[in-house]
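Asker: Submitted below is the structure of interest, expressed as structure tokens.
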Amino acid sequence: MKENTDSPIYRNGNSLILAYDHGTEHGPVDFEPMPESADPTHVFEVAKHDAVTAIALQKGNAEYYRNWQNKKGNNDSAPLLVKLNGNSSLAHREDYYSPKQCAVKYAVEELDAEAVGYTMYAGSTNEDKMWEDFRQVQEQARKYGVPVVMWSYPRGKGIEENPDYSGQKDPDVVAYGARLGLELGADMVKCKYPGNQEDWSQLEDNVGDLKTVMSGGSKRSDQEFLEDVYSTIEVGCNGLAVGRNIFQREDPHSLLDKLEAVIFEDESPENI
Ligand code: FBP
């Protein structure tokens with residue numbers, strides 16, 4: 001098994017992943033607040049900020065990214081994390097499922113991916129199928145020595161119909177999702193923010209040394225967002241995987257400067 005802890009997606013052990021798979025997951029509606037963000041090259045440029053340790057792209061955009069880099073000689077751009085599965089919000093399904101569109105082999109051999117990512121919907125009636133898909137991804141990722149990041153989003157009938165859970169952001173659900181990242185062999189788990197520091201701390205208590213990142217969520221003010229991020233970092237979180245809170249901003253660089261201080265330089269939002 002190849003070691004993958006020295007991957008370029010980490011900086012001093014932490015990460016800031018710029019997620020840009022929203023065109024798949026939500027569609028162009030996510031680009032409306034900042035129409036320039038519909039142009040992938042606009043976001044590729046944003047990802048050149050020093051704070052960004054990886055850009056997460058679906059296969060088509062990953063190919064676009066590599067071509068853009070080759071054409072423009074953009075050697076200073078962010079490492080590539082290829083998102084291997086994804087689903088649109090157009091389909092009607094009985095329960096959540098996110099099919100694979102890219103193999104680890106293609107991501108690494110053809111796209112030179114520095115990391116791969118996979119969304120897991122534990123709690124869906126399709127959970128068994130997703131575990132099998134993830135098993136293949138995880139074993140291949142080990143073979144190639146690239147870290148695998150699990151977008152661990154428990155959702156679906158098993159969560160909705162369980163009276164013990166209040167929903168996807170129930171702290172027990174979020175902690176369970178994080179724990180699955182550890183149990184199923186991810187190198188990093190990306191989880192929804194359950195709403196406060198104590199609940200994130202519960203998550204950290206259940207994952208040992210597994211790396212964790214908070215999932216950005218919908219856009220909020222700079223201050224609110226930085227406070228949420230800091231509240232997780234203070235209790236052991238390794239950073240952030242964020243999309244809308246960056247590309248829906250007029251000046252993403254200013255927030256990235258501040259996030260860099262919080263995630264990598266141990267600063268609190270009041271001191272920035
Ligand atoms: P945001 O920071 O914009 O929330 O992005 C994180 C992310 O995981 C994206 O990678 C993905 O497109 C999206 O959220 C999926 O969110 P959901 O499935 O909850 O709609």
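Asker: On the given criteria, is K190 surrounded by 23 or more Cβ atoms within 10 Å (Cβ to Cβ), touching a residue at least 60 places away in the same chain (Cβ under 8 Å) and under 26 Å from K48 (Cβ atoms)? If you could, list the steps in order and put the result at the bottom.
Answerer: On the way: surrounded by 23 or more Cβ atoms within 10 Å (Cβ to Cβ): yes; touching a residue at least 60 places away in the same chain (Cβ under 8 Å): yes; under 26 Å from K48 (Cβ atoms): yes.
Considered against the rule, which asks whether it is surrounded by 23 or more Cβ atoms within 10 Å (Cβ to Cβ), touching a residue at least 60 places away in the same chain (Cβ under 8 Å) and under 26 Å from K48 (Cβ atoms), K190 comes out as yes.
Asker: Looking at the structure I just gave you, is L210 of a type outside the set (S, T, Y), in contact with a strand residue (DSSP E or B) (Cβ under 7 Å, 6 or more places away or on another chain) and closer than 23 Å to G239 by Cβ?
Answerer: On the way: of a type outside the set (S, T, Y): yes; in contact with a strand residue (DSSP E or B) (Cβ under 7 Å, 6 or more places away or on another chain): yes; closer than 23 Å to G239 by Cβ: yes.
Yes.
Asker: Give me the residue from segment 226-253 that is under 21 Å from Q202 (Cβ atoms) and within 12 Å of the ligand (Cβ to nearest atom) and, out of that set, surrounded by the most Cβ atoms within 10 Å (Cβ to Cβ).
Answerer: Per the stated criteria, the residue is L240.
Asker: Please go through segment 127-163 and give me each residue that is over 16 Å from Y97 (Cβ atoms), aliphatic (A, V, I, L, M) and in a helix (DSSP H, G or I), ordered by number.
Answerer: Matches in segment 127-163: A141 only.
Asker: Out of all the residues in segment 214-232, is one or more more than 26 Å from Y20 (Cβ to Cβ) and in contact with a helix residue (DSSP H, G or I) (Cβ under 6 Å, 6 or more places away or on another chain)?
Answerer: First pass over segment 214-232, keeping only residues more than 26 Å from Y20 (Cβ to Cβ): none.
Checked segment 214-232: no residue is more than 26 Å from Y20 (Cβ to Cβ) and in contact with a helix residue (DSSP H, G or I) (Cβ under 6 Å, 6 or more places away or on another chain).
Asker: Of the residues S166, S124, which single one is away from the ligand (no atom under 13 Å from the Cβ) and outside any strand (DSSP E or B)?
Answerer: Answer to the selection: S166.
Asker: OK, next. Considering only residues that are touching a Phe, Trp or Tyr at 6+ places or on another chain (Cβ under 9 Å) and of a type in the set (A, V, I, L, M), which ones fall in segment 55-88?
Answerer: I55, A56, L57, A78, L80, V82, L84
Asker: Run V52 past the list (1) buried (at least 16 other Cβ atoms within 10 Å of the Cβ); (2) over 19 Å from P147 (Cα atoms); (3) under 18 Å from the mean Cα position of the chain (by Cα) and report the number of the one that doesn't hold.
Answerer: Only one criterion in (1) buried (at least 16 other Cβ atoms within 10 Å of the Cβ); (2) over 19 Å from P147 (Cα atoms); (3) under 18 Å from the mean Cα position of the chain (by Cα) is unmet by V52, namely (2).
Asker: Same structure again: Among (1) crowded, with 17+ Cβ neighbours inside 10 Å; (2) farther than 25 Å from G123 by Cβ; (3) free of Cβ contacts under 8 Å to residues at least 40 places away in the same chain, there is one condition L256 misses while meeting the rest; what is its number?
Answerer: (3)
Asker: Looking only at residues in segment 207-225 that are buried (at least 17 other Cβ atoms within 10 Å of the Cβ) and not β-branched (V, I, T), which one is farthest from the ligand (Cβ to nearest atom)?
Answerer: L210
Asker: I'd like to verify a number: residues in segment 175-187 that are assigned to a helix (DSSP H, G or I) and in contact (Cβ under 8 Å) with a residue 12 or more places away in the chain, how many? Reasoning before the result, please.
Answerer: Step one: of segment 175-187, the residues assigned to a helix (DSSP H, G or I) are 175-184.
Cutting the leftovers down to in contact (Cβ under 8 Å) with a residue 12 or more places away in the chain gives us 175-182, 184.
Matching residues across segment 175-187 total 9.
Rule-based calculations on the coordinates, nothing more; no lab input. Every value quoted in this text rests on a predicted model; they were computed, and no experiment measured them. Reconstructed Cβ throughout: ideal geometry from the backbone, glycine too, with neighbour counts over all protein chains shown.
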